[in-house]
Amino acid sequence: MKAVRFFGHKDVRVVNDLEKPIPKGDEVLLKIGGAGVCHSDLHIIDEGTVVGTVFTLGHENAGWIEEVGSDVKGYKKGDAVLVYGPWGCGHCKPCQQSKENYCDHQSEMAYGGGLGLDGGMAEYMLVPSSRLLVPIYDLDPVVAAPLTDAALTPYSAIKRSIGKLTADEYVVVIGVGGLGHVALQILNEVSASTIIACDVTDAKLAFAKELGAAHVINSKDDNAAAQINTITGIKKAKVVLDFVGATSTIELGTKVVGLDGDLTIVGLGGGHYQYNMAGLPFGVSMTNPYWGSRVELMEVVGLARQKKIHIEIEQFKLDQANEVYDRMRNGKIKGRAVLIP
Ligand code: NAD
Ligand code: ZN
Ligand code: ZN
(Lines give C-alpha, C1' and ligand atoms only; values in the text may rest on other atoms or scores of the structure.)
(Ligands and ions follow the chains in the order given, each with its own letter.)
Protein backbone atom coordinates (compact mmCIF):
# COMPACT_ATOMS: atom_id res chain seq x y z
CA MET A 1 0.00 0.00 0.00
CA LYS A 2 0.96 3.63 -0.41
CA ALA A 3 2.21 5.65 2.60
CA VAL A 4 4.05 8.87 3.48
CA ARG A 5 7.13 7.77 5.46
CA PHE A 6 9.56 9.70 7.65
CA PHE A 7 13.10 8.38 7.05
CA GLY A 8 15.04 10.96 9.05
CA HIS A 9 15.94 14.65 9.15
CA LYS A 10 14.22 16.44 6.22
CA ASP A 11 13.66 13.08 4.48
CA VAL A 12 9.99 12.31 3.76
CA ARG A 13 9.15 9.95 0.89
CA VAL A 14 5.96 8.44 -0.52
CA VAL A 15 6.39 4.67 -0.86
CA ASN A 16 4.16 2.09 -2.57
CA ASP A 17 5.47 -1.18 -1.17
CA LEU A 18 4.11 -1.43 2.39
CA GLU A 19 2.16 -4.57 3.33
CA LYS A 20 -1.48 -4.01 4.27
CA PRO A 21 -1.48 -4.90 8.02
CA ILE A 22 -3.66 -7.70 9.44
CA PRO A 23 -5.32 -6.95 12.82
CA LYS A 24 -4.96 -9.45 15.67
CA GLY A 25 -6.52 -9.54 19.16
CA ASP A 26 -7.86 -6.08 20.03
CA GLU A 27 -6.27 -4.40 16.99
CA VAL A 28 -8.35 -2.64 14.35
CA LEU A 29 -7.49 -1.98 10.70
CA LEU A 30 -8.84 1.35 9.39
CA LYS A 31 -9.33 2.38 5.80
CA ILE A 32 -8.15 5.97 6.04
CA GLY A 33 -10.57 8.68 4.95
CA GLY A 34 -8.31 11.62 5.79
CA ALA A 35 -5.08 12.41 7.63
CA GLY A 36 -4.62 15.98 8.86
CA VAL A 37 -1.25 17.69 8.42
CA CYS A 38 -0.14 19.15 11.75
CA HIS A 39 2.71 21.61 12.28
CA SER A 40 4.17 19.14 14.81
CA ASP A 41 5.18 17.02 11.79
CA LEU A 42 7.44 19.89 10.74
CA HIS A 43 9.11 19.90 14.17
CA ILE A 44 9.81 16.18 13.60
CA ILE A 45 10.93 16.53 9.98
CA ASP A 46 12.94 19.76 10.25
CA GLU A 47 14.15 19.69 13.85
CA GLY A 48 14.41 15.93 14.48
CA THR A 49 12.06 15.79 17.48
CA VAL A 50 11.66 12.01 16.96
CA VAL A 51 14.94 10.45 15.84
CA GLY A 52 16.21 7.01 14.95
CA THR A 53 12.97 5.53 13.68
CA VAL A 54 11.34 5.15 10.27
CA PHE A 55 7.56 5.42 10.40
CA THR A 56 4.44 6.52 8.50
CA LEU A 57 3.51 10.11 9.32
CA GLY A 58 -0.01 11.36 10.15
CA HIS A 59 -1.34 11.64 13.71
CA GLU A 60 -4.74 13.23 12.91
CA ASN A 61 -6.61 10.29 11.49
CA ALA A 62 -10.15 9.26 10.67
CA GLY A 63 -11.59 6.53 8.52
CA TRP A 64 -13.82 3.49 8.30
CA ILE A 65 -13.29 0.16 10.04
CA GLU A 66 -11.95 -2.29 7.47
CA GLU A 67 -11.24 -5.33 9.65
CA VAL A 68 -11.17 -6.10 13.37
CA GLY A 69 -9.07 -8.52 15.44
CA SER A 70 -10.78 -11.49 17.09
CA ASP A 71 -11.14 -9.75 20.52
CA VAL A 72 -12.74 -6.51 19.26
CA LYS A 73 -16.30 -5.92 20.36
CA GLY A 74 -18.74 -3.13 19.53
CA TYR A 75 -17.37 -2.18 16.10
CA LYS A 76 -18.15 -3.52 12.64
CA LYS A 77 -16.81 -3.02 9.14
CA GLY A 78 -17.77 0.39 7.75
CA ASP A 79 -18.14 2.23 11.10
CA ALA A 80 -16.71 5.78 10.85
CA VAL A 81 -14.22 6.59 13.62
CA LEU A 82 -11.53 9.01 14.74
CA VAL A 83 -8.24 7.73 16.08
CA TYR A 84 -7.37 9.20 19.48
CA GLY A 85 -3.74 10.18 18.98
CA PRO A 86 -1.70 10.06 22.22
CA TRP A 87 -1.39 6.34 22.86
CA GLY A 88 -0.72 5.53 26.53
CA CYS A 89 -0.21 2.24 28.38
CA GLY A 90 -3.98 1.94 28.88
CA HIS A 91 -3.56 0.77 32.50
CA CYS A 92 -2.22 3.62 34.67
CA LYS A 93 -4.50 6.07 36.50
CA PRO A 94 -4.43 8.87 33.85
CA CYS A 95 -5.09 6.26 31.11
CA GLN A 96 -7.99 4.80 33.12
CA GLN A 97 -9.37 8.36 33.29
CA SER A 98 -9.03 8.55 29.45
CA LYS A 99 -6.17 11.07 29.82
CA GLU A 100 -3.66 9.00 27.85
CA ASN A 101 -2.02 12.29 26.86
CA TYR A 102 -0.60 12.26 30.41
CA CYS A 103 0.10 8.50 30.70
CA ASP A 104 2.55 7.76 33.54
CA HIS A 105 4.66 5.77 31.06
CA GLN A 106 4.94 8.47 28.37
CA SER A 107 8.74 8.71 28.78
CA GLU A 108 9.10 4.99 27.96
CA MET A 109 6.80 4.91 24.92
CA ALA A 110 6.63 6.28 21.39
CA TYR A 111 4.01 9.05 21.32
CA GLY A 112 1.56 7.22 19.05
CA GLY A 113 0.65 6.58 15.43
CA GLY A 114 2.37 9.16 13.22
CA LEU A 115 4.62 10.21 16.12
CA GLY A 116 7.20 7.43 16.18
CA LEU A 117 4.83 4.57 15.25
CA ASP A 118 3.04 4.07 11.92
CA GLY A 119 0.31 6.70 11.43
CA GLY A 120 -2.47 7.46 9.00
CA MET A 121 -0.88 9.07 5.92
CA ALA A 122 -1.49 5.74 4.17
CA GLU A 123 -4.28 3.73 2.60
CA TYR A 124 -4.71 1.70 5.80
CA MET A 125 -3.66 2.12 9.42
CA LEU A 126 -3.38 -0.45 12.18
CA VAL A 127 -4.71 0.88 15.51
CA PRO A 128 -3.31 -1.18 18.44
CA SER A 129 -6.53 -1.19 20.48
CA SER A 130 -10.21 -0.47 19.86
CA ARG A 131 -10.07 1.64 23.05
CA LEU A 132 -8.28 4.32 20.96
CA LEU A 133 -11.24 4.82 18.61
CA VAL A 134 -13.96 7.44 18.97
CA PRO A 135 -17.11 7.02 16.84
CA ILE A 136 -18.05 9.97 14.62
CA TYR A 137 -21.45 8.66 13.44
CA ASP A 138 -22.68 10.84 10.55
CA LEU A 139 -19.52 12.96 10.18
CA ASP A 140 -17.37 12.50 7.07
CA PRO A 141 -13.92 11.15 8.08
CA VAL A 142 -12.24 13.46 5.54
CA VAL A 143 -13.60 16.54 7.25
CA ALA A 144 -13.48 15.08 10.75
CA ALA A 145 -9.84 13.90 10.83
CA PRO A 146 -8.38 17.15 12.27
CA LEU A 147 -10.89 17.08 15.14
CA THR A 148 -8.60 14.60 16.88
CA ASP A 149 -5.82 17.19 17.31
CA ALA A 150 -6.49 20.60 15.72
CA ALA A 151 -9.78 20.75 17.67
CA LEU A 152 -9.09 18.51 20.70
CA THR A 153 -5.89 20.32 21.72
CA PRO A 154 -7.35 23.85 21.83
CA TYR A 155 -10.58 22.47 23.35
CA SER A 156 -8.67 20.93 26.26
CA ALA A 157 -6.54 24.08 26.71
CA ILE A 158 -9.66 26.27 26.77
CA LYS A 159 -11.45 23.97 29.23
CA ARG A 160 -8.56 24.38 31.68
CA SER A 161 -9.28 28.11 31.82
CA ILE A 162 -13.04 28.02 31.44
CA GLY A 163 -13.71 29.62 34.86
CA LYS A 164 -11.71 32.70 33.83
CA LEU A 165 -13.32 33.15 30.39
CA THR A 166 -16.20 35.34 31.52
CA ALA A 167 -17.89 38.12 29.52
CA ASP A 168 -15.96 40.91 31.25
CA GLU A 169 -12.55 39.43 30.38
CA TYR A 170 -10.24 39.34 27.36
CA VAL A 171 -8.62 36.27 25.79
CA VAL A 172 -5.65 36.54 23.42
CA VAL A 173 -5.12 33.85 20.76
CA ILE A 174 -1.63 33.86 19.18
CA GLY A 175 -1.41 31.98 15.83
CA VAL A 176 -4.50 31.46 13.67
CA GLY A 177 -3.40 28.27 11.90
CA GLY A 178 -4.77 24.72 12.15
CA LEU A 179 -5.23 24.83 15.93
CA GLY A 180 -5.80 28.57 16.33
CA HIS A 181 -8.64 28.81 13.81
CA VAL A 182 -10.56 26.11 15.72
CA ALA A 183 -9.68 27.74 19.07
CA LEU A 184 -11.49 30.91 17.95
CA GLN A 185 -14.64 28.94 17.15
CA ILE A 186 -14.54 26.98 20.42
CA LEU A 187 -14.09 30.22 22.38
CA ASN A 188 -17.13 31.66 20.65
CA GLU A 189 -19.18 28.63 21.69
CA VAL A 190 -18.03 28.07 25.26
CA SER A 191 -17.10 31.55 26.49
CA ALA A 192 -18.28 35.14 26.32
CA SER A 193 -14.86 36.80 26.67
CA THR A 194 -13.70 39.34 24.09
CA ILE A 195 -11.27 37.69 21.67
CA ILE A 196 -8.06 39.35 20.46
CA ALA A 197 -6.28 37.32 17.75
CA CYS A 198 -2.65 37.65 16.61
CA ASP A 199 -0.89 36.33 13.54
CA VAL A 200 1.76 37.59 11.15
CA THR A 201 -0.07 37.93 7.82
CA ASP A 202 -3.01 40.05 6.74
CA ALA A 203 -4.74 36.96 5.30
CA LYS A 204 -4.66 35.14 8.67
CA LEU A 205 -5.83 38.28 10.49
CA ALA A 206 -8.77 38.67 8.10
CA PHE A 207 -9.58 34.97 8.62
CA ALA A 208 -9.55 35.53 12.41
CA LYS A 209 -12.07 38.37 12.00
CA GLU A 210 -14.35 36.06 9.98
CA LEU A 211 -14.12 33.54 12.85
CA GLY A 212 -15.29 36.01 15.46
CA ALA A 213 -12.20 37.76 16.80
CA ALA A 214 -13.25 41.23 18.00
CA HIS A 215 -9.73 42.61 17.47
CA VAL A 216 -6.78 41.45 15.35
CA ILE A 217 -3.16 42.46 15.88
CA ASN A 218 -0.09 41.66 13.77
CA SER A 219 2.34 40.18 16.28
CA LYS A 220 5.28 41.13 14.04
CA ASP A 221 4.65 44.77 15.00
CA ASP A 222 7.11 45.92 17.67
CA ASN A 223 4.27 47.54 19.56
CA ALA A 224 1.89 44.52 19.41
CA ALA A 225 1.86 44.20 23.22
CA ALA A 226 1.11 47.91 23.63
CA GLN A 227 -1.74 47.66 21.11
CA ILE A 228 -3.25 44.72 23.02
CA ASN A 229 -2.83 46.48 26.37
CA THR A 230 -4.61 49.55 24.99
CA ILE A 231 -7.60 47.35 24.13
CA THR A 232 -7.69 45.47 27.44
CA GLY A 233 -6.88 48.44 29.69
CA ILE A 234 -5.38 48.12 33.16
CA LYS A 235 -6.79 44.64 33.83
CA LYS A 236 -4.95 43.12 30.82
CA ALA A 237 -5.91 39.71 29.31
CA LYS A 238 -7.18 37.01 31.67
CA VAL A 239 -6.15 34.16 29.34
CA VAL A 240 -3.48 33.94 26.65
CA LEU A 241 -3.41 30.92 24.34
CA ASP A 242 -0.12 30.74 22.43
CA PHE A 243 -0.33 28.41 19.41
CA VAL A 244 3.20 29.27 18.25
CA GLY A 245 5.44 28.83 21.31
CA ALA A 246 8.39 30.85 19.97
CA THR A 247 10.47 33.03 22.32
CA SER A 248 8.87 36.15 20.81
CA THR A 249 5.28 34.93 21.32
CA ILE A 250 5.96 33.76 24.89
CA GLU A 251 7.41 37.23 25.60
CA LEU A 252 4.32 38.79 24.06
CA GLY A 253 2.15 36.59 26.29
CA THR A 254 3.97 37.68 29.46
CA LYS A 255 3.48 41.34 28.50
CA VAL A 256 -0.27 41.10 27.91
CA VAL A 257 -1.45 38.62 30.57
CA GLY A 258 -2.99 40.12 33.70
CA LEU A 259 -2.88 39.32 37.43
CA ASP A 260 -4.11 35.80 38.25
CA GLY A 261 -4.29 35.06 34.51
CA ASP A 262 -3.47 31.92 32.52
CA LEU A 263 -0.61 31.87 30.01
CA THR A 264 -1.05 28.63 28.08
CA ILE A 265 1.69 27.69 25.64
CA VAL A 266 0.41 25.06 23.22
CA GLY A 267 2.81 25.71 20.33
CA LEU A 268 6.02 23.69 20.23
CA GLY A 269 8.04 26.43 18.55
CA GLY A 270 11.14 25.83 20.68
CA GLY A 271 10.77 29.09 22.60
CA HIS A 272 12.65 29.94 25.78
CA TYR A 273 11.39 31.76 28.84
CA GLN A 274 13.45 32.97 31.74
CA TYR A 275 11.48 33.64 34.89
CA ASN A 276 11.64 37.27 35.88
CA MET A 277 9.65 38.16 38.96
CA ALA A 278 9.14 41.75 37.88
CA GLY A 279 8.20 40.70 34.33
CA LEU A 280 5.24 38.49 35.18
CA PRO A 281 2.14 39.68 37.07
CA PHE A 282 1.42 37.89 40.36
CA GLY A 283 -0.72 34.77 40.25
CA VAL A 284 -0.15 33.87 36.60
CA SER A 285 -0.31 30.15 35.77
CA MET A 286 1.97 29.19 32.90
CA THR A 287 1.26 25.80 31.40
CA ASN A 288 2.27 23.69 28.41
CA PRO A 289 -0.64 21.33 27.79
CA TYR A 290 -0.31 18.30 25.56
CA TRP A 291 -3.30 17.22 23.45
CA GLY A 292 -6.49 16.29 25.45
CA SER A 293 -8.35 13.29 26.86
CA ARG A 294 -10.42 10.74 24.94
CA VAL A 295 -13.57 11.89 26.73
CA GLU A 296 -12.81 15.47 25.62
CA LEU A 297 -12.50 14.15 22.06
CA MET A 298 -16.05 12.81 22.38
CA GLU A 299 -17.17 16.29 23.45
CA VAL A 300 -15.37 17.79 20.44
CA VAL A 301 -17.22 15.37 18.15
CA GLY A 302 -20.43 16.67 19.74
CA LEU A 303 -19.48 20.26 18.89
CA ALA A 304 -18.77 19.26 15.28
CA ARG A 305 -21.99 17.21 14.91
CA GLN A 306 -23.97 20.22 16.14
CA LYS A 307 -22.06 22.33 13.55
CA LYS A 308 -20.75 24.60 16.31
CA ILE A 309 -17.22 24.17 15.02
CA HIS A 310 -16.13 23.75 11.43
CA ILE A 311 -12.64 22.90 10.26
CA GLU A 312 -11.57 24.82 7.18
CA ILE A 313 -10.00 22.15 5.01
CA GLU A 314 -7.69 22.09 2.00
CA GLN A 315 -7.60 18.59 0.46
CA PHE A 316 -4.51 16.97 -1.09
CA LYS A 317 -3.36 13.51 -2.28
CA LEU A 318 -0.76 11.43 -0.39
CA ASP A 319 1.68 12.08 -3.26
CA GLN A 320 1.53 15.82 -2.49
CA ALA A 321 2.77 15.45 1.11
CA ASN A 322 6.10 17.23 0.58
CA GLU A 323 4.39 20.06 -1.32
CA VAL A 324 1.92 20.46 1.58
CA TYR A 325 4.72 20.53 4.17
CA ASP A 326 6.41 23.27 2.12
CA ARG A 327 3.24 25.30 2.05
CA MET A 328 2.91 24.89 5.81
CA ARG A 329 6.52 26.02 6.35
CA ASN A 330 5.60 29.21 4.51
CA GLY A 331 2.33 29.77 6.40
CA LYS A 332 0.34 29.15 3.19
CA ILE A 333 -2.33 26.75 4.50
CA LYS A 334 -5.71 28.23 5.40
CA GLY A 335 -7.11 26.14 8.27
CA ARG A 336 -5.94 22.54 7.93
CA ALA A 337 -4.51 20.51 5.04
CA VAL A 338 -5.87 16.96 4.90
CA LEU A 339 -4.22 14.17 2.86
CA ILE A 340 -6.66 11.77 1.28
CA PRO A 341 -5.51 8.32 0.11
P1 NAD B 1 -0.02 25.99 11.65
O2 NAD B 1 1.22 26.02 10.83
O3 NAD B 1 -1.27 25.48 11.05
O4 NAD B 1 -0.34 27.44 12.23
C5 NAD B 1 0.63 28.26 12.84
C6 NAD B 1 0.12 29.68 12.73
O7 NAD B 1 0.94 30.53 13.51
C8 NAD B 1 0.14 30.22 11.30
O9 NAD B 1 -1.09 30.86 11.01
C10 NAD B 1 1.30 31.23 11.33
O11 NAD B 1 1.10 32.29 10.42
C12 NAD B 1 1.22 31.70 12.77
N13 NAD B 1 2.45 32.31 13.28
C14 NAD B 1 3.72 31.98 13.03
N15 NAD B 1 4.56 32.79 13.73
C16 NAD B 1 3.78 33.64 14.44
C17 NAD B 1 4.04 34.70 15.36
N18 NAD B 1 5.29 35.05 15.68
N19 NAD B 1 2.98 35.35 15.90
C20 NAD B 1 1.72 34.99 15.58
N21 NAD B 1 1.41 34.00 14.71
C22 NAD B 1 2.43 33.34 14.16
O23 NAD B 1 0.34 25.15 12.97
P24 NAD B 1 -0.63 24.24 13.89
O25 NAD B 1 -0.73 22.90 13.28
O26 NAD B 1 -1.83 25.02 14.24
O27 NAD B 1 0.29 24.06 15.19
C28 NAD B 1 0.62 25.18 15.99
C29 NAD B 1 1.67 24.78 17.01
O30 NAD B 1 1.07 23.92 17.99
C31 NAD B 1 2.85 23.99 16.44
O32 NAD B 1 4.04 24.36 17.14
C33 NAD B 1 2.50 22.55 16.77
O34 NAD B 1 3.62 21.71 16.84
C35 NAD B 1 1.86 22.74 18.12
N36 NAD B 1 0.96 21.67 18.57
C37 NAD B 1 0.98 21.38 19.90
C38 NAD B 1 0.14 20.43 20.40
C39 NAD B 1 0.14 20.12 21.85
O40 NAD B 1 -0.52 19.15 22.26
N41 NAD B 1 0.83 20.89 22.69
C42 NAD B 1 -0.75 19.75 19.55
C43 NAD B 1 -0.77 20.08 18.19
C44 NAD B 1 0.10 21.05 17.71
ZN1 ZN C 1 -0.51 17.51 15.99
ZN1 ZN D 1 -0.86 4.97 31.02
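The values are calculated or read from the model by the stated rules, or taken from the named source; none is laboratory data. Computed from a predicted structure; not experimentally measured. Every residue, glycine among them, receives a Cβ derived from its backbone with ideal geometry; neighbour counts consider all protein chains shown. For accessibility, only protein heavy atoms count, side chains too; no ligands or nucleic acids. Shrake-Rupley method; radii C 1.70, N 1.55, O 1.52, S 1.80 Å.
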inquiry  = For Lys24, Lys204, give me the order by solvent-accessible area with a 1.4 Å probe, most accessible first, ignoring ligands, DNA and RNA.
reply    = Lys24, Lys204
inquiry  = Spelling out what I want: for every residue of the range 60-76, take phi, set θ = phi - 60°, compute 6.51 cos²θ - 1.76 cosθ + 1.60 (Karplus), and round to whole Hz; glycine and proline get x.
reply    = 10, 10, 9, x, 10, 5, 9, 7, 10, x, 5, 8, 6, 10, x, 10, 9
message = Tell me the carbon and sulfur percent of the accessible area for the range 14-80, rounded to whole percent, probe radius 1.4 Å.
response = 53
query = If you roll a 1.4 Å probe over the heavy atoms of the protein chains, what accessible area per residue do you get for the range 1-98, in Å²?
reply = 44
key: Order of exposure, largest accessible area first, which applies to His43, His105, His272 with probe 1.4 Å   = His272, His105, His43
query = What is the projected area of the convex hull of the Cα atoms of the chain, averaged over all directions, in nm²?
reply = 16.5
query = Between Ala157, Ala208, Ala110, which gets the highest mean-square fluctuation from a Gaussian network model of the chain, Cα cutoff 10 Å?
reply = Ala110
task = Just order 320-328, 119-127 by mean Cβ neighbour count inside 10 Å, highest at the front, would you?
result = 119-127, 320-328
task = Rank by packing, highest mean first: peptides 180-189, 12-21, with packing defined as the count of other Cβ atoms within 10 Å averaged across residues.
result = 180-189, 12-21
For the range 138-153, Karplus couplings with θ = phi - 60° (6.51, -1.76, 1.60), whole Hz, Gly/Pro x = 8, 6, 7, x, 5, 7, 7, 3, x, 4, 6, 9, 4, 9, 4, 5
key: Surrounding net charge for Ala225, when Lys and Arg each add one and Asp and Glu each subtract one, Cβ distance under 11 Å   = -1
task = Would you pull out the residues with amide H under 5 Å of Ile313's amide H, same chain only if 5 or more places away, H placed 1.01 Å from N?
result = Arg336
request  = Go through Tyr102, Tyr84 and list them by solvent-accessible area, largest first, probe radius 1.4 Å.
outcome  = Tyr102, Tyr84
key: Accessible area per residue in Å² at 1.4 Å probe, computed on the range 211-258   = 42
request  = Please list the non-local residues whose amide H lies under 5 Å from the amide H of Cys38, H modeled 1.01 Å from N, same-chain partners needing a gap of 5 or more.
outcome  = His59
remark   = Residue by residue through the range 176-182, the couplings from Karplus 6.51 cos²θ - 1.76 cosθ + 1.60 with θ = phi - 60°, in Hz, x for Gly and Pro, are 10, x, x, 6, x, 5, 7
inquiry  = Going by average Cβ density within 10 Å per residue, which order do the peptides 1-9, 240-248 take, highest to lowest?
reply    = 240-248, 1-9
query = Rounded if a/c is under 1.5, else prolate if a/b beats b/c, else oblate: with a ≥ b ≥ c from the C-alpha gyration tensor eigenvalues square-rooted, which is the range 1-82?
reply = prolate
ask   = Could you give the nm distance between label points at Glu108 and Gln315, where each point is 7 Å from its Cα heading toward the beta carbon?
value = 4.3
query = Which percent of the accessible area of the range 131-192 is formed by carbon and sulfur heavy atoms (probe 1.4 angstrom)?
reply = 53
Debye intensity ratio I(q)/I(0), log10, the range 258-302, q values 0.20, 0.21, 0.30, 0.32 Å⁻¹ (C-alpha model) = -0.79, -0.83, -1.10, -1.14
